[in-house]
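Working notes, structure below.
The values are calculated or read from the model by the stated rules, or taken from the named source; none is laboratory data. All figures in this text were calculated on a predicted structure; none of them were measured in a lab. Positions of Cβ are generated from backbone atoms using ideal geometry, with glycine treated the same way; all protein chains shown enter the neighbour counts.
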């Protein structure tokens, strides 16, 4: 089993801070971006894809957070072994957090940073 960091980083932003956050990355830092339409997403009201070097930074406007949170992508070459490994380490799956594909899970590190 091998776990690696993925290319996707999501920053969950309160709706009230969304536009100024997008402006920081695009206008202040000058990073390229594209707005992503999310009309059917149950929790993300707006999303902007920021080209962040080799990574993709997703700025997601959501009413479900009161403060900004960073969520990180993990990859594995063996999901079943990884699930067992995490369960042995007493890591709970937080799959009710946000809708994602069935072959993925949300987890939290000890400081409550979300990873998927």
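Here is how the numbers come out for the structure above:
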| quantity | calculated |
| --- | --- |
| Looking only at region 105-115, and only at residues there that are in a loop (DSSP other than H, G, I, E, B) and at pLDDT 90 or above, the one that is nearest to residue 72 (Cα to Cα) | 106 |
| Unmet requirement for residue 105, which otherwise passes all of (1) within 15 Å of residue 3 (Cβ to Cβ); (2) surrounded by fewer than 16 Cβ atoms within 10 Å (Cβ to Cβ) | (2) |
| All positions within region 81-99 that are surrounded by fewer than 11 Cβ atoms within 10 Å (Cβ to Cβ) and not in a loop (DSSP other than H, G, I, E, B) | 88 |
| Odd one out for residue 53, checked against (1) closer than 25 Å to residue 22 by Cβ; (2) in contact (Cβ under 8 Å) with a residue 12 or more places away in the chain | (2) |
| Entirely in region 1-80, the strands (runs of 3 or more DSSP E) that have 1 or more residues that are exposed (fewer than 14 other Cβ atoms within 10 Å of the Cβ) | 3-14, 33-36, 44-52, 69-76 |
| Lone qualifier among 22, 65 - being modelled with pLDDT of 95 or more and over 12 Å from the mean Cα position of the chain (by Cα) | 22 |
| Test: residue 34 is at pLDDT 95 or above and closer than 21 Å to residue 113 by Cβ | no |
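One line per residue, one yes/no per condition, for (1) in contact with a helix residue (DSSP H, G or I) (Cβ under 6 Å, 6 or more places away or on another chain); (2) free of Cβ contacts under 8 Å to residues at least 24 places away in the same chain:
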| residue | (1), (2) |
| --- | --- |
| 58 | no, no |
| 63 | yes, no |
| 74 | no, no |
| 85 | no, no |
| 89 | no, yes |
| 99 | no, no |
| 111 | no, yes |
